[in-house]
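Trainee: Once you've had a glance at the structure underneath, I'll fire off some questions.
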Amino acid sequence: MRIAFLASRKGYLKVMGALIQAAIDRGHEAILLSDPGERKPGEAATPADLGHWPAARVVAHRWGEPLLPRLREAGADALVGPSLHLVLSAMGLASDMAAARDAAVRLYSVDYVLETLTSDPEGYRLLDVTFYATEYERRLHWELLRDRFAPVARDLSLEARSAVSGSTMLDQLTLVDRAAVRRRLGIAAGRPVVLLMSLKMGVPEPYRRHVWRSGSRLTRAVVATASGHAGLLPEIWKGNGYRALVDATREFSRRSGAALVVKSREKNRDPRFLRASADVFVESDEAVYPYTSIELMAIAGLCVHFQSGAALEAVAAAVPSLSVKVPQSHLRAYPGHEEVFGGREGTLQNFAGVVWGVGHEDAPARLRGRTLADFTMDPEARRRYLERFVGADDGRCSHRVLDVIERRG
């Protein structure tokens, strides 16, 4: 088969890199649709990125241009992408999806960190298969949007238009050379690692931007008041909770004899104290195969994050994590917000023996006086978490996707 992959962004390659390689290994022709004009900062897939798959054919496709002619010229039998319906709709290519089906080009959407929960049920009418990491995620999607799925379900079988595969992105864990990662970062073999995933500050969440930003209390108070957020002044005068947490994480690492590795991205707009606190500060996120975060997770003994998808990466790598609950007002409309960000026991960000959820006010105290020995993963809890939220950790999720694509022809 000739299988085309949306490959214009680094993020897409992180999600599908293992899938592209698996397709090539199974004798399929891989076609990488690359956008030379990709404008999202830091996301454009480069020739070096695409070079990880020298057997693949690169075909240019610019944002918003008709897609079906490119697929026909390339002789593609199928098109695969993360959140495919959402992405193509954003490009203004909804009509191309219908035309592709009429032209016998199969359409497949793979999952990225539960993002499929946000996908429009109408996508089931246009896509051949929507993939989910777990059966729980699939059922949750149907339940959260049940009113919108109801008319779709009257016309077609939801089961037939969906499948459970696990995470193609997390297949990349099998690629990581842990010794090489340590050498590159200057961390001695055997030295424990505490990984802190920095908080995204450049989001429309006032608490982060005013209470936890760099600067003195006075500076932060003036900025907050001038921008209409005087209600945050009591929190500002308490101090900087982000700095308190970073300091506590630093001391925790020292007690554990561990290197503190801080993973960031330029767009996170970190406060200045974050870089100064790290033994190793990783800001580059250029790597796609294997991608940077999964490399760092593979050498970690504990991950501290802010209710992020790092929870899933950590469990896949058998790394316990501390999930710090922060205000997420900008995500309240997200389907499944309570399940993903609510922090109830037994949910994605708070699962005893795997990921410990803690409020940002209490997080420094949770680390104080403790060491890595106080955070150990429960194998049975991990098994249950994988089944519910992550999927199989055998490195063969990409092959399960291909099994479905090959059966569909």
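The values are calculated or read from the model by the stated rules, or taken from the named source; none is laboratory data. Here the structure is a predicted model, which means the values were calculated and not measured. Please note: Cβ atoms are built from the backbone with ideal geometry, for glycine as well, and neighbour counts cover all protein chains shown.
Trainee: Criterion first (of a type outside the set (Phe, Trp, Tyr) and more than 18 Å from residue 163 (Cβ to Cβ)) does residue 353 satisfy it?
Mentor: Values: of a type outside the set (Phe, Trp, Tyr): yes; more than 18 Å from residue 163 (Cβ to Cβ): yes.
Against the criterion (of a type outside the set (Phe, Trp, Tyr) and more than 18 Å from residue 163 (Cβ to Cβ)), residue 353 qualifies.
Trainee: Taking the stated definitions as given, is residue 271 in the same structural domain as residue 375 (by TED's automatic domain parsing) and either under 25 Å from the mean Cα position of the chain (by Cα) or among the small types (Gly, Ala, Ser) (or both)? Explain how you work it out, then say what you get.
Mentor: On the way: in the same structural domain as residue 375 (by TED's automatic domain parsing): yes; either under 25 Å from the mean Cα position of the chain (by Cα) or among the small types (Gly, Ala, Ser) (or both): yes.
Yes: the conditions hold for residue 271.
Trainee: Residues of the range 19-40 being small (Gly, Ala, Ser) and either closer than 20 Å to residue 75 by Cβ or at pLDDT 95 or above (or both), which ones?
Mentor: Quick first cut of the range 19-40, residues small (Gly, Ala, Ser) only: 22-23, 27, 30, 34, 37.
Of everything in the range 19-40, those that are small (Gly, Ala, Ser) and either closer than 20 Å to residue 75 by Cβ or at pLDDT 95 or above (or both) turn out to be 22, 23, 27, 30, 34.
Trainee: What's the number of the condition residue 379 fails, among (1) surrounded by 19 or more Cβ atoms within 10 Å (Cβ to Cβ); (2) at pLDDT 95 or above; (3) farther than 17 Å from residue 134 by Cα?
Mentor: (1)
Trainee: Go through the residues of the range 154-163 one by one and say whether even a single one is acidic (Asp, Glu), farther than 26 Å from residue 386 by Cβ and modelled with pLDDT of 95 or more. Lay out the reasoning, then the answer.
Mentor: Kept after step one, since they are acidic (Asp, Glu), are these residues of the range 154-163: 155, 159.
With farther than 26 Å from residue 386 by Cβ added as a condition, the list becomes 155.
Next cut, modelled with pLDDT of 95 or more only: 155.
Scanning the range 154-163 turns up at least one residue that is acidic (Asp, Glu), farther than 26 Å from residue 386 by Cβ and modelled with pLDDT of 95 or more.
Trainee: Let me ask you something else. Any idea which of 275, 269 is on the phi > 0 side of the Ramachandran plot and modelled with pLDDT under 95? Before the answer, list the steps.
Mentor: On the way: 275 fails: on the phi > 0 side of the Ramachandran plot.
After applying the criteria, what remains is 269.
Trainee: How about the range 68-164: which strands (runs of 3 or more DSSP E) wholly inside it have at least 1 residues that are over 16 Å from residue 16 (Cβ atoms) and not assigned by TED's automatic domain parsing to the domain that holds residue 309? Please lay out each step first, then the result.
Mentor: Values: elements: 78-82, 106-110, 129-132, 162-164.
Result: 162-164.
Trainee: Scan the helices (runs of 4 or more DSSP H) fully inside the range 282-369 and keep the ones with 3 or more residues being under 15 Å from the mean Cα position of the chain (by Cα). Talk me through it step by step, then tell me what you get.
Mentor: Values: elements: 292-298, 310-316, 337-341, 363-367.
Correct list: 292-298, 310-316.
Trainee: Small (Gly, Ala, Ser), within 25 Å of the chain's Cα centre (by Cα) and part of a helix (DSSP H, G or I): does that describe residue 180?
Mentor: When the stated conditions are applied, residue 180 passes them.
Trainee: Next question, about the same structure. Given the residues 323, 398, which is the only one that is at pLDDT 95 or above, farther than 18 Å from residue 297 by Cα and crowded, with 20+ Cβ neighbours inside 10 Å? Step through it out loud before you land on a result.
Mentor: Numbers: 323 fails: farther than 18 Å from residue 297 by Cα.
Only one candidate qualifies: 398.
Trainee: What number of residues in the range 41-59 are surrounded by fewer than 19 Cβ atoms within 10 Å (Cβ to Cβ), among the small types (Gly, Ala, Ser) and either in a helix (DSSP H, G or I) or at pLDDT below 95 (or both)?
Mentor: Within the range 41-59, residues that are surrounded by fewer than 19 Cβ atoms within 10 Å (Cβ to Cβ), among the small types (Gly, Ala, Ser) and either in a helix (DSSP H, G or I) or at pLDDT below 95 (or both) number 3.
Trainee: Take the residues in the range 262-285 that are basic (Lys, Arg) and farther than 20 Å from residue 179 by Cβ; name whichever of them is surrounded by the fewest Cβ atoms within 10 Å (Cβ to Cβ).
Mentor: Of all residues in the range 262-285, those basic (Lys, Arg) come to 263, 265, 267, 269, 272, 275.
Next, from what is left, pick out any that are farther than 20 Å from residue 179 by Cβ: 265, 267, 269, 272, 275.
Details: 265: 18, 267: 14, 269: 17, 272: 9, 275: 13.
This residue is 272.
Trainee: Related question: Can residue 288 be described as crowded, with 20+ Cβ neighbours inside 10 Å and within 30 Å of residue 54 (Cβ to Cβ)?
Mentor: Details: crowded, with 20+ Cβ neighbours inside 10 Å: yes; within 30 Å of residue 54 (Cβ to Cβ): yes.
The answer is yes for residue 288.
Trainee: Among the residues of the range 64-82, which ones are surrounded by 15 or more Cβ atoms within 10 Å (Cβ to Cβ) and more than 19 Å from residue 168 (Cα to Cα)?
Mentor: First, pick out the residues of the range 64-82 that are surrounded by 15 or more Cβ atoms within 10 Å (Cβ to Cβ): 65, 67-68, 70-71, 74, 76-82.
Answer for the range 64-82, where residues must be surrounded by 15 or more Cβ atoms within 10 Å (Cβ to Cβ) and more than 19 Å from residue 168 (Cα to Cα): 65, 67, 68, 70, 71, 74, 76, 77.
Trainee: Which of (1) without any contact (Cβ under 8 Å) to a residue 60 or more places away in the chain; (2) more than 17 Å from the chain's Cα centre (by Cα) does residue 78 not meet, given it meets every other one?
Mentor: Of (1) without any contact (Cβ under 8 Å) to a residue 60 or more places away in the chain; (2) more than 17 Å from the chain's Cα centre (by Cα), only one is false for residue 78: (1).
Trainee: Spot the failing condition for residue 357; the list is (1) surrounded by 19 or more Cβ atoms within 10 Å (Cβ to Cβ); (2) under 19 Å from residue 170 (Cα atoms); (3) in contact with a Ser or Thr (Cβ under 6 Å, 6 or more places away or on another chain), and only one is missed.
Mentor: With respect to (1) surrounded by 19 or more Cβ atoms within 10 Å (Cβ to Cβ); (2) under 19 Å from residue 170 (Cα atoms); (3) in contact with a Ser or Thr (Cβ under 6 Å, 6 or more places away or on another chain), residue 357 is out only on (2).
Trainee: Let me ask you something else. If you go through the range 237-274, how many residues are under 23 Å from residue 370 (Cα atoms), part of a helix (DSSP H, G or I) and charged (D, E, K, R)?
Mentor: So the count comes out to 6.
Trainee: Right, next: When you check residue 189 against the structure, is it of a type outside the set (S, T, N, Q) and assigned to a helix (DSSP H, G or I), yes or no?
Mentor: On the way: of a type outside the set (S, T, N, Q): yes; assigned to a helix (DSSP H, G or I): no.
No, not satisfied.
Trainee: Any chance you could count how many residues in the range 289-312 are under 14 Å from residue 181 (Cβ atoms) and either out of contact with any Leu (no Cβ under 7 Å at 6 or more places or on another chain) or modelled with pLDDT under 95 (or both)?
Mentor: The qualifying residues number 5.
Trainee: Could you tell me whether residue 354 is over 20 Å from residue 262 (Cα atoms) and modelled with pLDDT of 95 or more?
Mentor: Details: over 20 Å from residue 262 (Cα atoms): yes; modelled with pLDDT of 95 or more: yes.
Yes.
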